[in-house]
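First comes the structure, then the notes that go with it.
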Amino acid sequence: MADVEVRDGRIVQVGDVDASVESFDARGRFLVPAVIDSHVHLTYWPVADELARSGVAAAVDLAAPMSSLAEPSAVRLLASGPMITAPSGYPVTSWGRGGYGLEVSNAGAAVDAVELLHARGARVVKIPVTAAPVLDDATITAIVARAHELGMRVAVHALGDAEALRAARLGADVLAHTPVEPLSDETLAAWSGRAVIATLSAFGADAATLTNIARLRSAGATVLYGTDLGNTRTPGIDAAELAAMHESGMDASAILEAATHAPALYWGLPELGDVEPGKAACLLLLARDPTTDPLALADPEVVFVDGERAS
């Protein structure tokens, strides 16, 4: 047990706090960092205010129209803007009509697209590696190279084994979803040292998907909590996603890590992810221990956003 002192929205001391400051009695409760959701679609379903009140401090928006990059958000937001895709490629002929894809026909146009997105405020690039029509190898390689030069991660929508392997070979950094098709040993090895965003409940959390995330984790991939919010419909910390992660073999401590410290480190959000001096006071007060109860995160009693009580 330790006291935490907050001033001007920041944690300034853990233990030995100034006894004269106004206090909030949290005895018998558990204080943890607010959650980072590494896969949302907040233009598709605009619930950022609800996310913030429910304990999500930051999110990664992995496909939205270009105009979304200029919009303020109630949560700290890393955004991709539209996916860079082939002409008539995923998702522009399905759910992503209306600007969720940016179509390019060659490597030069793809590099221009990366630079445009970065200039508009995107900090991550998303590409699909799916069935045809799909970007060719030269175009994906050019996207990855330019994105990395600009300090951007490349997330890939790849649900099959062959697609996930191709994406890794071409330099993608993070799987936007856990693939749903059983993964080969070759694919697992290719994703070692990279990352995968869980989104298990978005695809029904079937046996193959749960096995894939367990094997990716064992192979050395970093697992990040993410919900595919917009396609899923829980405007907060998703108990179904936490339960699926637990069912895949992750213990409660690993799930807490995947929702807080790991994404803060991975996405470059240094003020989030831990309860320690210098961090933003984006905090959850829980009735149950999140290192033993995997669903405790989904039920915060109190949410603090930058030191202010939000719920």
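The values are calculated or read from the model by the stated rules, or taken from the named source; none is laboratory data. Here the structure is a predicted model, which is why all the values come from computation and not from measurement. Positions of Cβ are generated from backbone atoms using ideal geometry, with glycine treated the same way; all protein chains shown enter the neighbour counts.
Please go through segment 33-68 and give me each residue that is assigned to a helix (DSSP H, G or I), of a type outside the set (Gly, Ala, Ser) and buried (at least 22 other Cβ atoms within 10 Å of the Cβ), ordered by number. Walk me through it before giving the result.
So in segment 33-68, the residues assigned to a helix (DSSP H, G or I) come out as 48-54, 66-68.
Filter again for of a type outside the set (Gly, Ala, Ser), leaving 49-51, 53, 66.
Across segment 33-68, the qualifying residue is only Leu51.
In this structure, Ala258 does satisfy being of a type in the set (Gly, Ala, Ser), in contact with a strand residue (DSSP E or B) (Cβ under 6 Å, 6 or more places away or on another chain), touching a residue at least 12 places away in the same chain (Cβ under 8 Å) and not in a loop (DSSP other than H, G, I, E, B).
Out of everything in segment 10-32 that is under 24 Å from the mean Cα position of the chain (by Cα) and within 30 Å of Arg233 (Cα to Cα), what residue ends up being surrounded by the fewest Cβ atoms within 10 Å (Cβ to Cβ)? Explain how you work it out, then say what you get.
Initially, segment 10-32 is screened for residues under 24 Å from the mean Cα position of the chain (by Cα), giving 10-11, 30-32.
Those left that are additionally within 30 Å of Arg233 (Cα to Cα): 30-32.
Numbers: Phe30: 20, Leu31: 17, Val32: 21.
Step by step, filter segment 10-32, then rank; the result is Leu31.
Listed here are the residues, each with its yes/no results for (1) of a type in the set (D, E, K, R); (2) in contact with a helix residue (DSSP H, G or I) (Cβ under 9 Å, 6 or more places away or on another chain).
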site	(1), (2)
Ala198	no, yes
Ala207	no, no
Leu224	no, yes
Ala243	no, yes
Asp289	yes, yes
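Please go through segment 69-85 and pick out each residue that is touching a strand residue (DSSP E or B) at 6+ places or on another chain (Cβ under 7 Å) and either aliphatic (A, V, I, L, M) or part of a loop (DSSP other than H, G, I, E, B) (or both). Lay out the reasoning, then the answer.
Restricting attention to segment 69-85, the residues satisfying the condition of being touching a strand residue (DSSP E or B) at 6+ places or on another chain (Cβ under 7 Å) are 69, 75-80, 82-85.
Residues satisfying the conditions are Leu69, Val75, Leu77, Leu78, Ala79, Ser80, Pro82, Met83, Ile84.
Among the candidates Gly96, Gly89, which residue alone is touching a residue at least 24 places away in the same chain (Cβ under 8 Å), crowded, with 21+ Cβ neighbours inside 10 Å, out of contact with any Phe, Trp or Tyr (no Cβ under 6 Å at 6 or more places or on another chain) and under 25 Å from Pro263 (Cβ atoms)? Among Gly96, Gly89, only Gly96 is touching a residue at least 24 places away in the same chain (Cβ under 8 Å), crowded, with 21+ Cβ neighbours inside 10 Å, out of contact with any Phe, Trp or Tyr (no Cβ under 6 Å at 6 or more places or on another chain) and under 25 Å from Pro263 (Cβ atoms).
Scanning for something touching a Lys or Arg at 6+ places or on another chain (Cβ under 8 Å), modelled with pLDDT of 95 or more, more than 21 Å from Leu150 (Cβ to Cβ) and not charged (D, E, K, R), does segment 50-58 turn up at least one residue?
Looking only at segment 50-58, we keep the residues that are touching a Lys or Arg at 6+ places or on another chain (Cβ under 8 Å), and these are 57-58.
Add one more test, that the residue is modelled with pLDDT of 95 or more, and what stays is 57-58.
Cutting the leftovers down to more than 21 Å from Leu150 (Cβ to Cβ) gives us 57.
Okay, now just the ones that are also not charged (D, E, K, R), so 57.
The answer is yes, given that some residue of segment 50-58 is touching a Lys or Arg at 6+ places or on another chain (Cβ under 8 Å), modelled with pLDDT of 95 or more, more than 21 Å from Leu150 (Cβ to Cβ) and not charged (D, E, K, R).
Scan segment 218-245 residue by residue and report those that are buried (at least 18 other Cβ atoms within 10 Å of the Cβ) and part of a helix (DSSP H, G or I). Passing the criteria: Glu241, Leu242, Ala244, Met245.
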